[in-house]
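Each remark here refers to the structure printed beneath this line.
The values are calculated or read from the model by the stated rules, or taken from the named source; none is laboratory data. Computed from a predicted structure; not experimentally measured. Counting neighbours? That spans all protein chains shown, and the Cβs are built from the backbone with ideal geometry, glycine included.
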Amino acid sequence: MPLVKNGKITGDIFVAIAEQAEIPDDGAILISSARFLADAEALSRRAGRTGVIWPNNRDVDDLVPYLGRLAVIALVFPTFRDGRAYTQARLLRERHGYRGELRATGQVLRDQFLFMLRAGFDAFEVKKPGDAEAFAGTVKRYSVFYQPTGDGRITALHRRMLLRHSESASQ
Amino acid sequence: MYAYDELDRAVINERVDEFRDQVKRRLSGELTEDEFKMLRLQNGVYLQLHAYMLRVAIPYGTLSSSQLRRLAHVARRYDRGYGHFTTRQNIQFNWIKLAELPDALADLAEVGIHAMQTSGNNTRNVTSDQWAGVAPGEIEDPRIWSELLRQYTTLHPEFSFLPRKFKFAITASAHDRAAIKIHDIGLRLHKNAQGDTGFEVLVGGGLGRTPFIAKTIKPFVHGHDLLSYVEAILRVYNQYGRRDNIYKARIKILVHELGIEKFAKEVEQEWLQMRDGALTLDDAVIEDIRSRFTYPAYPKLPHMPDELKKAAHDPPFEAWRKNSVAQHKIPGYAIVTLSLKPVGGPPGDATADQMDAISDLADRYSFGEIRVGHEQNLALPHVARRDLPALWKALDNIGLATPNVNLVSDIIACPGLDYCSLANARSIPIAQELTRRFANHATADLIGRLHINISGCINACGHHHVGHIGILGVEKNGEEFYQITIGGRADENAELGTLIGPAVPYSEAADVIEDIVEAYLALRARPDELFVDTVKRLGVEPFRERVYATR
C-alpha cells in the first residue's frame, strides 16, 4: 500500500509491530492503542520514534498527555463511509495542537483526499496505487472552500470581505 | 433572489468536473459500484427501479425564471419531458442516463443550480419557508441564514460521512410552513429581549420507521453563534451516532437514547470549547450575505383594484382565489400558489412546457421569481393583485389553476412503487384516485382544510405520519396494503398521527378515506372546525367506530 506524504509517494520507515511481538527499543514503530496505553509513559519515552494506531471509536482525549512525544498518530477509516476519524483529526490538530504526522489508514480512496487534508491529515496509506499517483492533481480539484478548518485555507466568506475592503480602498 | 458570485459558481463548476471524472472512472471500471454508490449519492444520483434518478437542489425553495427554464431544458433534453417536485424543495428527474448526467449537471451549473448533497449520509439541502421574504409578520428573511448554512454545509470536510442523512429547515414566521419539527435540526428565528436575532434550535425530529417530533435543545442561540453551535451538534453526532444499524443511525435515535438533557449537555461542552473560534459570524459577514439577496422595488398599487372587484363576480375565479392567493407583506400584492395537484394527476409533477410557461408568467407577473414548497406546489411570490384575474386565466390554460390548495385533493405523495426501489406499495395511483373522488369543488370546499400525505414505504418520503390523514403503503403476503393514521400535522403544533385501524387492501384504501371524511363531516362541532381539530377534540375512537363498523 503506497504511502503519500507531503503530496508524494514515499517509503514508510515505520514498522507495524504485531500484537504478540516484542517492542524494540529503537527504530520507528507503529503499535496499537491498547498496547500503547498499557505502558504509555515508557513507550512514549523510548529511544526510537513511536507511532500509535488509534481506533475511531475511542476518544482522542486519552492521547493528549503524550502528543508531544508521538511521531505518528494513525487514524482509521474501516470503510470510507465511516467518517469518525475526520472529527478525531480536527480535534487533534485544532484543539490539542498535535504537530506530528497524522496518518489516514484503512479504506483511503482518491475522492476523500481533500476532505482528509482539510481535516489535518498529512500522510495517507492509499488503498489503490492509481489513487496514490493521482494525489497531487486530486487535491487541486477545488479552489474555493466554505468552512474554516485548521488547514489555513481562507474561506469564501472571508475572501468576500477582503474583496470588499480592497474595492473600497481603491475607490 | 440570492445571486451566486464567482466563488459560488467556482464550487459548482468544480463539483461538475469532479463528478464527470467519477462517472468516467466508474464506466472504465476503476471504481467499483460499491465505491461509486456513495459518490453518486452525494451528488443526488439514485439507481431506481427502471433508471437512474437525479435529485436537484432548490436551496430554500427559491428559483429564478431562468433557472426554472433550465430545469425544463433538462427535463426535455435528458429526461422524458417532466420533473417531480419533492417534499424537500428538490426536483427529481426519473429517467436520466448515467453517461449523460455530467452534461445535465453542467447545463444546470450555468444558471447556478446543482445536485450537491441531495442524497447520501451528509447534510442535505437546507430548506425554508416558501413564503420567506414576503409573508406578513415574518421577523426577517430566513433565507439569509439558510444561505449561510448552505455554504457552511457544502462539501464539509468533517461531516461528509455522517452516520446517516442530516436535514436542516428554517422558519421565521409564527406559522411554520417549513415543517421544522420533523427535521434533524429545526431552526426558529426569533429575537431576544435585546432585539438580537437568534434561533430556537430543535433537534432530533424525523419520520421514517421511528418517527419523532424534534425537541428544543437551546431556546436561543445568537445569530453570531449559529454555525459554531450547529458544528457542535454535528460533531457530537458524528462521533456518537450509531453506525451499526442503518435504522438507528439518525440523530433522533441518539437524542432519544441519551435523552435530550444529556445530549444537550454533550453539545454544550463541545460548543463552549469552540464558540469563539473561526465560525463566529460577525455582523459584516452577515450583512454581506444579506446584500446579495435582492428584492423587487414594488410600485405602489391599490389593495382593491377594479380588475379584482370585477373578477369577484366570476365564481370559478373566486373559488381559485380563495385557496390559492395569500396575503403579501406589501399592500397591493399577493402570493399565489400554483397547484401541481390536478385531478387525476401525480402530485408534484410538472411538464417541461409547464415549467417554461411558469417562467414566462413569473417574468410577467412576479419579478421573475418562483418558489417551491414542501407541499409539492409552486408559488409566485410577488403578484400585483390587479394582475390576479389575468394570471388565473393564464394558469388555467396550462392546467395550473386547480382550485384545491390546502384542500383534500392537495395531496403529498412520494413516487412509490411506480419508480422507487425502496417502496412496498404504490402511492401515485392512490393519490390519483382520491383526487377523482374529491373532484367536486363544492364538496372539497365544504370539507375545508385537510392534508392527506401518502408514503409507499416506511421511509416516509410522503410524510404520512404528519398528514391530517396519513396513508402508509406496506406489503402483506405479496399484496399492497395501506395503514391509515389521522390527526398528524407538520406545522408549529406538529404531531404524529394515530393509527385508526387495521391496514386495508389497495382496492379499499380510497373508500376508507372517503368514510373518514364523512365521519368528520358528521362529527365536527361547527363547519369551521378543521378535520385535524375534530380529531384533537374527540380522539381517534369515534372515527374508528364509524369507519370500521361495517368492515
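All conditions but one from (1) under 18 Å from the mean Cα position of the chain (by Cα); (2) free of Cβ contacts under 8 Å to residues at least 60 places away in the same chain apply to residue B:61; the one that does not is (2). Taking the condition among the charged types (D, E, K, R), at the interface with chain B (Cβ under 10 Å from one of its Cβ atoms), more than 21 Å from residue B:270 (Cα to Cα) and touching a helix residue (DSSP H, G or I) at 6+ places or on another chain (Cβ under 6 Å), does residue A:90 pass? It is false that residue A:90 is among the charged types (D, E, K, R), at the interface with chain B (Cβ under 10 Å from one of its Cβ atoms), more than 21 Å from residue B:270 (Cα to Cα) and touching a helix residue (DSSP H, G or I) at 6+ places or on another chain (Cβ under 6 Å). Residues in segment A:102-111 include none that are buried (at least 16 other Cβ atoms within 10 Å of the Cβ), in a loop (DSSP other than H, G, I, E, B) and basic (Lys, Arg). The set of residues in segment A:141-163 that are charged (D, E, K, R), within 9 Å of chain B (Cβ to nearest Cβ) and either under 19 Å from the mean Cα position of the chain (by Cα) or surrounded by fewer than 14 Cβ atoms within 10 Å (Cβ to Cβ) (or both) contains only A:151. Just one of the listed residues (B:23, B:16) is over 30 Å from residue B:425 (Cβ atoms), of a type in the set (A, V, I, L, M, F, W, C) and under 26 Å from the mean Cα position of the chain (by Cα), namely B:16. Inside segment B:42-72, residues that are under 18 Å from residue B:361 (Cα atoms) and surrounded by fewer than 18 Cβ atoms within 10 Å (Cβ to Cβ) make up a count of 1. Here residue A:71 passes the criteria (1) of a type outside the set (Lys, Arg); (2) under 27 Å from residue B:40 (Cβ atoms); (3) in contact (Cβ under 8 Å) with a residue 12 or more places away in the chain except the one numbered (2). Residue B:186 passes every criterion in (1) of a type outside the set (A, V, I, L, M); (2) without any contact (Cβ under 8 Å) to a residue 60 or more places away in the chain; (3) farther than 25 Å from residue B:241 by Cβ; (4) not in a loop (DSSP other than H, G, I, E, B) apart from (3).
The criterion of at least 3 residues that are within 30 Å of residue B:380 (Cβ to Cβ) and touching a strand residue (DSSP E or B) at 6+ places or on another chain (Cβ under 9 Å) is met, among strands (runs of 3 or more DSSP E) falling completely within segment B:1-116, by B:52-57, B:62-64, B:82-85, B:90-96. Counting only residues that are closer than 19 Å to residue B:345 by Cα and at pLDDT below 95, segment B:88-110 holds 2 of them. Does residue A:127 satisfy being touching a residue at least 60 places away in the same chain (Cβ under 8 Å) and either outside any strand (DSSP E or B) or away from every other protein chain (no Cβ under 12 Å) (or both)? Judged against the criteria, residue A:127 is a match.
Considering each of B:229, B:237 in turn, give the residue that is more than 14 Å from chain A (Cβ to nearest Cβ) and either surrounded by fewer than 20 Cβ atoms within 10 Å (Cβ to Cβ) or among the hydroxyl-bearing types (Ser, Thr, Tyr) (or both). Answer to the selection: B:229. For residue B:118, are the conditions met, namely being in contact (Cβ under 8 Å) with a residue 12 or more places away in the chain, surrounded by 23 or more Cβ atoms within 10 Å (Cβ to Cβ) and either closer than 21 Å to residue B:225 by Cα or assigned by TED's automatic domain parsing to the domain that holds residue B:195 (or both)? In short, no.
If you go through segment B:15-26 one residue at a time, do you hit one that is out of contact with any helix residue (DSSP H, G or I) (no Cβ under 9 Å at 6 or more places or on another chain), surrounded by fewer than 23 Cβ atoms within 10 Å (Cβ to Cβ), within 14 Å of chain A (Cβ to nearest Cβ) and over 21 Å from residue A:140 (Cβ atoms)? So far as segment B:15-26 goes, no, none of its residues is out of contact with any helix residue (DSSP H, G or I) (no Cβ under 9 Å at 6 or more places or on another chain), surrounded by fewer than 23 Cβ atoms within 10 Å (Cβ to Cβ), within 14 Å of chain A (Cβ to nearest Cβ) and over 21 Å from residue A:140 (Cβ atoms). A count restricted to segment A:112-124 and to residues that are within 12 Å of another protein chain (Cβ to nearest Cβ) and outside any helix (DSSP H, G or I) stands at 2.
Taking (1) touching a helix residue (DSSP H, G or I) at 6+ places or on another chain (Cβ under 9 Å); (2) at pLDDT 95 or above; (3) under 21 Å from residue B:120 (Cα atoms) in turn, residue B:41 satisfies each apart from (1). Looking across A:28, A:18, one residue alone is away from chain B (no Cβ under 14 Å), over 21 Å from residue B:239 (Cα atoms), surrounded by fewer than 18 Cβ atoms within 10 Å (Cβ to Cβ) and without any contact (Cβ under 8 Å) to a residue 12 or more places away in the chain. It is A:18. Restricting attention to segment B:135-154, the residues being in a loop (DSSP other than H, G, I, E, B) and more than 18 Å from the chain's Cα centre (by Cα) number 6. Residue A:6 meets the conditions (1) surrounded by 15 or more Cβ atoms within 10 Å (Cβ to Cβ); (2) under 28 Å from residue A:135 (Cα atoms); (3) touching a residue at least 24 places away in the same chain (Cβ under 8 Å) in every case but one. The failed one is (1). From the list A:105, A:138, the lone residue that is under 20 Å from the mean Cα position of the chain (by Cα) and more than 12 Å from every other protein chain (Cβ to nearest Cβ) is A:105. Listed here are the helices (runs of 4 or more DSSP H) enclosed by segment B:253-372 that have at least 1 residues being within 14 Å of another protein chain (Cβ to nearest Cβ) and touching a residue at least 24 places away in the same chain (Cβ under 8 Å): B:260-272, B:283-291.
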